Structure formats: structure tokens, C-alpha cells
Amino acid sequence: MKTTGNTVLITGGATGIGFALAKAFVSAGNEVIICGRREDKLIEAKRSLPQIHTGVYDLSKAQERDLLCDWIASDFKNFNMLVNNAGIQRMLDFTRGAADWLSGEDEIEINLKAPVHLAARLIPALFKQKEAAIINVSSGLGFIPLATMPVYCATKAALHSFSISLRHQLRNTSIKVFEVIPPMVDTELDKGAREDRGQANRGIPPGEVASATITALKSDQYEVAVGMAQNLVKSSRENPDAAFKIMNRWSIVLAL
Ligand SMILES: NC(=O)c1ccc[n+]([C@@H]2O[C@H](COP(=O)([O-])OP(=O)(O)OC[C@H]3O[C@@H](n4cnc5c(N)ncnc54)[C@H](OP(=O)(O)O)[C@@H]3O)[C@@H](O)[C@H]2O)c1
């Protein structure tokens, strides 16, 4: 896949991994569009990358996802790359009943339904381009779950599965499907909880995920596990039960 001259939509592109990807794509000579809910974060992102396009869209709402797709179709005729990056992560304890889960933000809607919806809506536009890509940002936790984040891990496992099927369905088209699998990354995601726990290891810098993504695109490496996520992918295939036990023993030690 070419890594220059693309028109790239990055969801959740104002912070963390999404913003690192925006910087990497801009510096490689691509046109970049980002979206998110918080206007102040988008303004901040545009201040440091004036050439990017920004839009406020809440991807938890189907109607706003449609509006985002309409904007892309009308204003970006060369649009050829969708990066499904926006995501949230919640700790949920199902021994407490349904109240927790029902009262907070919907991880299934944001982490899974939105990427599926955007892919479905934008594939016709991507078909028009000679070369196009969909990049789904999943997680090492989609391969070996942390039981304290049960729905988050399930959405990422589902996004992995969706990526495999979509890649297969689109194999004879101009659209390539990539999956980026980050390990723990030092971003806003889970930041409060990590600080509360006094956890020293905050993960790798988001720029490392961005450079691994650009490298993977260049070499058509469709599934790229970054850093420690490689171990999770490997053990999910070799010995998932043992890996689950180790991960979740650790989570007790870390008081996750
Ligand atoms: N950090 C990690 O350790 C890690 C590890 C593996 C995978 N990942 C994945 O990497 C992706 C990026 O996360 P990150 O670590 O970079 O965290 P982050 O800085 O919190 O980024 C998440 C982005 O998604 C946007 N977003 C969340 N809900 C949204 C919604 N309803 N509509 C539109 N945008 C929304 C947020 O912007 P607004 O809040 O302004 O909407 C934010 O810019 C996520 O899919 C995450 O699951 C992260």
C-alpha cells in the first residue's frame, strides 16, 4: 500500500494513537481528516497540524456516523483510507448487576458498531479509488482478555474477527484491510485508572504504534501486532488458557 498521496480519515484522531497516526500520515505527505467528540481537542490538534481537516462527530450515534460519511463523500473525492481508531475502555464488574454497564458509555457501539458501520458506508467510496485501505485498530486484549474489562476485550476480539472476514471478502478488490494490534500505550485511555493504581508502566509512546503502522502499510503486512502485543497474539494461538491465567493473576497484583 502506498504511504504517500492518500486521503485518510482517522476516527478519534485528536489524541493518543490517532493523533500520532495523523502526524505520521501528514509528515509522509498525505491529506488527513480527523474526528472526535471534543471540539477543544480537535482545535488543539489543528493548531499543531494546521493542514488537517477536523470535524466534531459522536460515533456512538448512528445518525452522526452517517453525517460523517456524507461529509467525506461530498468534500473528499480522493478519500481512500479509513482508520477505525476511536475507542473507549471501561472496567465493568458484572457481579454488581447491570447498573454499571447500562449507565456508562456504550463500548459495543463505539468500539465495534461504529467501525462496522463506517466500513459498510464508506466501502463504495473506497471502491472508486485505484488503491484503498481500511485500518482497524484492535488491541492485544482482543487476543487474551483482561477480565476486569470484559466488554472492551470482547469488542476488540470481534473487531479482529471482522477484520479477517472483511479482508477475505475484499481480497479481489482495490481495498486492503489492515489490523493494528497495539500493546499498552501511554494515552488518555485508562489513564485515570492507571494513575489511581500508581501503575509505573504506562506503556509505549503512541508514536511507536504510528511508525509500526506506516511500516506495515508499506509492506502489505495486514496484521501488525506492536511490541508486547506480539506475545499476546502468539500465546492466544499456542496456549490461550495459560496466558489468560497469567494475565489475570497480574491484574490482581496490579489491583486492576
Ligand atoms: N492506549 C492503549 O493502551 C491501547 C491499547 C490497545 C488498543 N488501543 C486502542 O487504540 C485506540 C485509540 O486509543 P488511545 O489509546 O489513543 O486513547 P485515546 O487517546 O483516549 O483516544 C481515543 C479517541 O477516540 C475518540 N472517541 C472516543 N469515543 C468517541 C466517540 N463516541 N465518537 C468519536 N470519537 C470518539 C476520543 O475523542 P473524544 O473523546 O474527543 O471523542 C479520542 O480521541 C482505541 O481504539 C483503543 O482501544 C489502545
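Tell me, which residue of the range 1-16 that is among the polar types (S, T, N, Q) and within 15 Å of the ligand (Cβ to nearest atom) is farthest from SER138 (Cα to Cα)? Don't jump to the end; show me each part of the working.
Start the filter on the range 1-16 by keeping residues that are among the polar types (S, T, N, Q), which leaves 3-4, 6-7, 11, 15.
So of that shortlist, the ones also within 15 Å of the ligand (Cβ to nearest atom) come out as 11, 15.
Values: THR11: 13, THR15: 16 Å.
Only one residue fits best here, namely THR15.
In this structure, does ARG37 turn out to be under 19 Å from ALA133 (Cα atoms) and either touching an Asp or Glu at 6+ places or on another chain (Cβ under 6 Å) or in contact (Cβ under 8 Å) with a residue 24 or more places away in the chain (or both)?
For ARG37, the condition - under 19 Å from ALA133 (Cα atoms) and either touching an Asp or Glu at 6+ places or on another chain (Cβ under 6 Å) or in contact (Cβ under 8 Å) with a residue 24 or more places away in the chain (or both) - is not met.
Keeping to the range 115-151, report how many residues are within 20 Å of ARG237 (Cα to Cα) and of a type in the set (Phe, Trp, Tyr).
Summing the residues that are within 20 Å of ARG237 (Cα to Cα) and of a type in the set (Phe, Trp, Tyr) in the range 115-151 gives 1.
Among the residues of the range 38-52, are any within 7 Å of the ligand (Cβ to nearest atom) and buried (at least 18 other Cβ atoms within 10 Å of the Cβ)?
Yes, because at least one residue in the range 38-52 is within 7 Å of the ligand (Cβ to nearest atom) and buried (at least 18 other Cβ atoms within 10 Å of the Cβ).
Going through the range 9-29 one residue at a time, which ones are touching a residue at least 40 places away in the same chain (Cβ under 8 Å), surrounded by fewer than 24 Cβ atoms within 10 Å (Cβ to Cβ) and either under 15 Å from PRO182 (Cβ atoms) or touching a strand residue (DSSP E or B) at 6+ places or on another chain (Cβ under 6 Å) (or both)?
Result: THR15, GLY16, ALA20, ALA24.
Just to check your reading of the model, which residue among GLN199, GLN221 is away from the ligand (no atom under 12 Å from the Cβ) and either buried (at least 18 other Cβ atoms within 10 Å of the Cβ) or not in a helix (DSSP H, G or I) (or both)?
Residue meeting the stated conditions: GLN221.
Residues in the range 122-174 that are of a type in the set (Lys, Arg) and touching a residue at least 12 places away in the same chain (Cβ under 8 Å): how many? Don't jump to the end; show me each part of the working.
Applying the first criterion (of a type in the set (Lys, Arg)) to the range 122-174 yields 128, 130, 156, 167, 171.
Retained after the next criterion (residues that are touching a residue at least 12 places away in the same chain (Cβ under 8 Å)): 130, 156, 167.
Residues in the range 122-174 being of a type in the set (Lys, Arg) and touching a residue at least 12 places away in the same chain (Cβ under 8 Å): 3 in total.
Looking at (1) assigned to a helix (DSSP H, G or I); (2) within 14 Å of the ligand (Cβ to nearest atom); (3) of a type in the set (A, V, I, L, M); (4) touching a residue at least 60 places away in the same chain (Cβ under 8 Å), can you tell me which one ILE72 breaks?
Looking at each condition in turn, ILE72 falls short on (2).
Please go through the range 17-35 and give me each residue that is near the ligand (Cβ under 8 Å from one of its atoms) and over 22 Å from ILE204 (Cβ atoms), ordered by number.
If the condition is that a residue be near the ligand (Cβ under 8 Å from one of its atoms) and over 22 Å from ILE204 (Cβ atoms), then CYS35 is the only one that fits.
Can you tell me how many residues within the range 144-196 are acidic (Asp, Glu) and in a loop (DSSP other than H, G, I, E, B)?
Number of matching residues: 3.
Quick one: would you say ASN111 is within 22 Å of GLY207 (Cβ to Cβ), surrounded by 20 or more Cβ atoms within 10 Å (Cβ to Cβ) and within 9 Å of the ligand (Cβ to nearest atom)?
In short, no.
If I go through the range 128-143 residue by residue, how many of them are touching a Leu at 6+ places or on another chain (Cβ under 9 Å) and either away from the ligand (no atom under 16 Å from the Cβ) or modelled with pLDDT under 95 (or both)?
Selection size over the range 128-143: 2.
Could you list, in sequence order, the residues of the range 202-251 that are small (Gly, Ala, Ser), more than 22 Å from ILE135 (Cβ to Cβ) and without any contact (Cβ under 8 Å) to a residue 12 or more places away in the chain?
The answer is ALA242, and nothing else.
(1) within 12 Å of the ligand (Cβ to nearest atom); (2) at pLDDT 95 or above: which one isn't true of GLU188, the others all being true?
Among (1) within 12 Å of the ligand (Cβ to nearest atom); (2) at pLDDT 95 or above, GLU188 violates only (2).
Which of the residues spanning the range 80-115 are in contact with a strand residue (DSSP E or B) (Cβ under 6 Å, 6 or more places away or on another chain) and under 18 Å from LEU141 (Cα atoms)?
ASN84, ASN85, ALA86, PRO115
The values are calculated or read from the model by the stated rules, or taken from the named source; none is laboratory data. Because the structure is a prediction, the values reported are computed rather than measured. Don't worry about glycine lacking a Cβ; one is built from the backbone with ideal geometry, like all the others, and counts go over all protein chains shown.
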